[in-house]
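Trainee: Below is a structure I'd like to ask you about.
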Amino acid sequence: MMMDGMPVKQLNTFAIDTTAQQIATAHNDDELMAIWQSAKKRSQAILLLGSGSNVLFIDHFTGTVVLNRINGIDVQEDKEAWHLHVGAGEDWHNLVCFALEREMPGLENLALIPGRVGSAPIQNIGAYGVEVKTVCEYVDLIDMNNGKKIRLSKDECRFGYRDSIFKHHYRDSYAIVAVGLILAKNWQPVLSYGDLRHLDRETVTPRQVFDTVCSMRRDKLPDPNITGNAGSFFKNPVVGADIAADILLHHPQAPHYPQSDGRIKLAAGWLIDQCNLKGYRHGGAAVHEKQALVLVNQGHATGDDIVALARHVRQSVAQRFNVWLEPEVRFIGADGEVDAVGVLS
Ligand code: FAD
Ligand code: EPU
């Protein structure tokens, strides 16, 4: 079904009140191909969306937004693991609950992350010590230029911190249509983060991990149904040992996480917080009071308000710490995705 000049406010969790030329919904591969080809015939740009929880609309989008609603969860089982084949349009948190209810643990640390299953591998979603790469077996995508289906193994996805091949080689003209997950029967709880550390490894249940994660998230992160936001606005910066050492010399308490390549990951939220920016506002946009890495729409923020605020945050952190933050959120301009760092520079 197609509609003209449609508002997208309900389709992005930042609740930016702009429009797209058209909006279409795909429930299966054939509908997806048909919508794509029809838009191409009209020389229109195409934007695939799941739940719009990692995008910032900075303009009216002149093309067709395609909502991926390819659903279905198929479970196969062998001696060692459950293998889930999941349609890209399934809601991620519902999948976490589905697995938990059927006693297939392994996803509980990733509870309450908004978005659809098809988007999860794109930035290799992660939280509380687990990333989707730890449970991903394969990703199915379609080359929209010729309709060919491709299956990439987990290794071929080249997962990194908030990164994968779907942000690079397979970014344009490819649609993820399903994700294969593998959940080991030999469940090992991941209890390395925050309040999870207080749980007893010997007796803890997947449900307790799930509840603890949900409670930590509800404490810190704004609910997009109430306050527009897209989660962490910036990625945590991974910097050279020299830059980290300089910061740690003056702030020994700064959170920092050494990486396997010798570089150090810093906490962007801490850096922003040190600039005293919690609650700082620009137009209808603000830095979240409880988590400085989250920018919020206070009700009537425009894409420009969020961009201006993000620019201020980025410049403040660079001035104080010599670290340039990069957005995690994908910026959508009139013709499609634009370079977010370029927009903020
Ligand atoms: P969308 O925003 O709809 O799309 C994201 C990008 O993927 C866009 O560029 C889009 O064009 C592209 N895309 C979407 N679907 C497809 C497809 N089928 N094929 C090809 N390309 C596609 N992220 C984390 O990693 N960890 C967290 O803890 C976390 N917490 C969050 C908390 C809140 C409150 C919010 C609002 C967001 C949070 N996020 C987190 C970010 C977000 O939840 C994830 O990035 C999520 O995977 C986005 O899913 P989506 O379906 O909404 O993607
Ligand atoms: N901190 C502050 N002040 C703040 C925010 C954070 O001092 O305002 C400090 C915290 O005290 C902590 C450190 O910074 O020592 C890290 O903060 P937190 O544990 O809240 O996690 P984060 O690094 O800010 C990352 C992910 C989140 C994910 C959480 C939990 C990124 C960009 N963000 O946030 O993912 O949920 O860890 O694992 O990696 C998202 O990607 O959208 C997202 C929400």
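Trainee: State all residues of the stretch 204-215 that are within 16 Å of ligand 1 (Cβ to nearest atom) and surrounded by fewer than 18 Cβ atoms within 10 Å (Cβ to Cβ); if no residue qualifies, say none.
Mentor: Result: Cys214, Ser215.
Trainee: Here is a further query. Filtering the stretch 268-285 down to residues that are more than 13 Å from ligand 2 (Cβ to nearest atom) and open to solvent by less than 20 Å² (accessible area, probe 1.4 Å), which residue is farthest from Asp219 (Cα to Cα)?
Mentor: Per the stated criteria, the residue is Gly284.
Trainee: May I pose another question? Which residue out of Asp339, Asp305 is touching a strand residue (DSSP E or B) at 6+ places or on another chain (Cβ under 7 Å) and open to solvent by 20 Å² or more (accessible area, probe 1.4 Å)?
Mentor: After applying the criteria, what remains is Asp305.
Trainee: Criterion first (surrounded by fewer than 16 Cβ atoms within 10 Å (Cβ to Cβ) and either closer than 28 Å to Gly52 by Cβ or modelled with pLDDT under 95 (or both)) does Lys265 satisfy it?
Mentor: Considered against the rule, which asks whether it is surrounded by fewer than 16 Cβ atoms within 10 Å (Cβ to Cβ) and either closer than 28 Å to Gly52 by Cβ or modelled with pLDDT under 95 (or both), Lys265 comes out as no.
Trainee: Let me ask something else. For the stretch 296-306, which residues satisfy the criterion of being in a helix (DSSP H, G or I) and either within 19 Å of the chain's Cα centre (by Cα) or within 13 Å of ligand 2 (Cβ to nearest atom) (or both)?
Mentor: Gly303, Ile306
Trainee: Could you tell me which numbered condition Arg207 fails, if it satisfies all but one of (1) part of a loop (DSSP other than H, G, I, E, B); (2) of a type in the set (Lys, Arg); (3) more than 13 Å from ligand 2 (Cβ to nearest atom)?
Mentor: Unmet for Arg207, out of (1) part of a loop (DSSP other than H, G, I, E, B); (2) of a type in the set (Lys, Arg); (3) more than 13 Å from ligand 2 (Cβ to nearest atom): (1).
Trainee: Moving on. Before we move on, is His250 open to solvent by 60 Å² or more (accessible area, probe 1.4 Å), more than 16 Å from ligand 1 (Cβ to nearest atom), under 17 Å from Phe321 (Cα atoms) and in contact with a strand residue (DSSP E or B) (Cβ under 8 Å, 6 or more places away or on another chain)?
Mentor: No: the conditions fail for His250.
Trainee: Give me the pairs, please: first residue somewhere in the stretch 277-306 and charged (D, E, K, R), second residue anywhere and buried (at least 24 other Cβ atoms within 10 Å of the Cβ) and not in a loop (DSSP other than H, G, I, E, B), beta-carbon distance under 7 Å, and either six or more positions apart or on two chains.
Mentor: If the second residue must be buried (at least 24 other Cβ atoms within 10 Å of the Cβ) and not in a loop (DSSP other than H, G, I, E, B), the pairs left are Lys278/Val287; Asp305/Ala285.
Trainee: Pairs, please: C-beta under 9 Å, at least 6 apart or cross-chain, first residue more than 16 Å from Val239 (Cα to Cα) and β-branched (Val, Ile, Thr) and in the stretch 314-329, second within 16 Å of ligand 1 (Cβ to nearest atom) and open to solvent by 20 Å² or more (accessible area, probe 1.4 Å)?
Mentor: Val329/Asn54; Val329/Gly231; Val329/Ser232
Trainee: Okay, next question. So which residues in the stretch 1-49 are modelled with pLDDT under 95, out of contact with any Ser or Thr (no Cβ under 7 Å at 6 or more places or on another chain) and open to solvent by less than 60 Å² (accessible area, probe 1.4 Å), if there are any at all?
Mentor: none
Trainee: Scan Gln315, Gln291, Gln319 and give me the residue that is within 18 Å of the chain's Cα centre (by Cα) and more than 30 Å from Gln22 (Cα to Cα).
Mentor: Among Gln315, Gln291, Gln319, only Gln291 is within 18 Å of the chain's Cα centre (by Cα) and more than 30 Å from Gln22 (Cα to Cα).
Trainee: Looking only at strands (runs of 3 or more DSSP E) that lie completely in the stretch 217-295, which have at least 2 residues being hydrophobic (A, V, I, L, M, F, W, C) and under 23 Å from Phe57 (Cα atoms)?
Mentor: 285-287
Trainee: Ok, one more. Check every one of the strands (runs of 3 or more DSSP E) wholly within the stretch 120-203 and list those with 2 or more residues that are at negative phi, open to solvent by less than 50 Å² (accessible area, probe 1.4 Å) and of a type in the set (Val, Ile, Thr).
Mentor: 136-143, 174-184
Trainee: Between residues in the stretch 152-177 that are in contact (Cβ under 8 Å) with a residue 24 or more places away in the chain and residues that are open to solvent by 60 Å² or more (accessible area, probe 1.4 Å), which pairs lie under 7 Å by C-beta distance while being six or more apart or on different chains?
Mentor: Phe159/Lys133; Ser164/Arg158; Ser173/Asn145
Trainee: Then there is this: Taking Gly72 as the residue in question, decide whether it is out of contact with any Gly (no Cβ under 9 Å at 6 or more places or on another chain), surrounded by fewer than 19 Cβ atoms within 10 Å (Cβ to Cβ) and modelled with pLDDT of 95 or more.
Mentor: For Gly72, the condition - out of contact with any Gly (no Cβ under 9 Å at 6 or more places or on another chain), surrounded by fewer than 19 Cβ atoms within 10 Å (Cβ to Cβ) and modelled with pLDDT of 95 or more - is not met.
Trainee: On the given criteria, is Gly52 on the phi > 0 side of the Ramachandran plot and open to solvent by less than 20 Å² (accessible area, probe 1.4 Å)?
Mentor: It is true that Gly52 is on the phi > 0 side of the Ramachandran plot and open to solvent by less than 20 Å² (accessible area, probe 1.4 Å).
Trainee: While we're here: For the stretch 219-238, which residues satisfy the criterion of being within 17 Å of the chain's Cα centre (by Cα), of a type in the set (D, E, K, R) and more than 9 Å from ligand 2 (Cβ to nearest atom)?
Mentor: The one that is within 17 Å of the chain's Cα centre (by Cα), of a type in the set (D, E, K, R) and more than 9 Å from ligand 2 (Cβ to nearest atom): Asp223.
The values are calculated or read from the model by the stated rules, or taken from the named source; none is laboratory data. None of these values were measured; they are calculated from a predicted model. Positions of Cβ are backbone-derived with ideal geometry, glycine not excepted, and every protein chain shown enters the neighbour counts. With ligands, DNA and RNA removed, areas are computed over all heavy atoms of the protein, side chains included. Shrake-Rupley method; radii C 1.70, N 1.55, O 1.52, S 1.80 Å.
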